[in-house]
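Taking it in order: structure first as structure tokens, then the write-up.
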């Protein structure tokens, strides 16, 4: 049974399992975890009576579990889910005109090699994505220019040394987890990039065509969970610049207690310093190992002030929510 604290249930909307949700104006966009369900668009002008407006399906073997909307443009990821995704569909991004949410119209599909796009940020002009790409090991970071949504143009790409296999780079990760960009988030002229078991990077994108490393930090393997999200706080807190970093409770390097969130001081951004951690009360009972998906997953990437909705996985099929302040 669900439980709650300091919240009130307003309404319930029955739909297939949700991945990312995004609210734009009075419209809710729900990205689903598993084919054939791709995206559901819902009118929430009256939040007590949510009303389904449209659905978009996706073929077997693929999913589009993320969705972002800005300036009447919706983008969803296309990522292979399992071994049976038809190659003709292909990985990448689906780009839609949602100026009329009840009638989403396909504009274009941006394609990439391999499994496709995992996650991304989108500001209405640029998409900051984590695609697989021809000739590379794992996901990399890429910036797409959607000035013309019908013709996305790559603005730049960035990866860590050893990923560009086709370029002949020496591969230093034979005795470590393969590198993988989980996803970047933009604030100002910086990208805050989670890189799974390779930690986090802050990139300078004052020149979008040439991302440059500002700093790197990693808590793995000392802590066995991968870095999922790097979320900077827009306003100073007690005069300091702060970033919330979520480790996801999957892909553990060894049996361990549930993952948690880190609080970093990035006032001197060349040297990110962890200053606190946060765990949901009761999840880590005594430090003993627990199954995957028992702890932290991710913070909401959209928030105001200092209150951040958080998703914490209580089991493979249940999600809890917490507020970090």
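The values are calculated or read from the model by the stated rules, or taken from the named source; none is laboratory data. This one's a predicted model, so the numbers in the text were calculated from it and none came from an experiment. Cβ sites come from the backbone with ideal geometry, for glycine too, and all protein chains shown count toward neighbours.
Points to keep in mind about this one:
- Answer residue from segment 86-100, given it is under 23 Å from the mean Cα position of the chain (by Cα) and on the phi < 0 side of the Ramachandran plot and is surrounded by the most Cβ atoms within 10 Å (Cβ to Cβ) among those: 93
- Scanning segment 4-32 for residues that are surrounded by 11 or more Cβ atoms within 10 Å (Cβ to Cβ), at pLDDT 95 or above and assigned to a loop (DSSP other than H, G, I, E, B) gives a single hit, 26.
- Selection count where residues are more than 15 Å from residue 208 (Cβ to Cβ) and either at pLDDT below 95 or touching a strand residue (DSSP E or B) at 6+ places or on another chain (Cβ under 6 Å) (or both), scope segment 153-163: 1
- Counted residues, segment 111-143 - those being in a strand (DSSP E or B) and either more than 18 Å from residue 206 (Cβ to Cβ) or in contact (Cβ under 8 Å) with a residue 60 or more places away in the chain (or both): 18
- Residue 219 vs. criteria closer than 27 Å to residue 188 by Cβ and either in a loop (DSSP other than H, G, I, E, B) or free of Cβ contacts under 8 Å to residues at least 24 places away in the same chain (or both): yes
- Residue check, residue 79 at negative phi, assigned to a loop (DSSP other than H, G, I, E, B) and at pLDDT 95 or above: no
- Subset of segment 37-71 (residues that are over 19 Å from residue 132 (Cβ atoms), outside any strand (DSSP E or B) and under 21 Å from the mean Cα position of the chain (by Cα)): 71
- Test: residue in segment 234-247 that is over 26 Å from residue 159 (Cβ atoms), in a strand (DSSP E or B) and in contact with a strand residue (DSSP E or B) (Cβ under 9 Å, 6 or more places away or on another chain): yes
- Considered as a group, the residues in segment 198-228 that are in contact with a strand residue (DSSP E or B) (Cβ under 9 Å, 6 or more places away or on another chain) and over 19 Å from residue 159 (Cβ atoms) include one that is surrounded by the fewest Cβ atoms within 10 Å (Cβ to Cβ), and that residue is 206.
- One residue from 116, 135 being crowded, with 23+ Cβ neighbours inside 10 Å and either touching a strand residue (DSSP E or B) at 6+ places or on another chain (Cβ under 7 Å) or modelled with pLDDT under 95 (or both): 116
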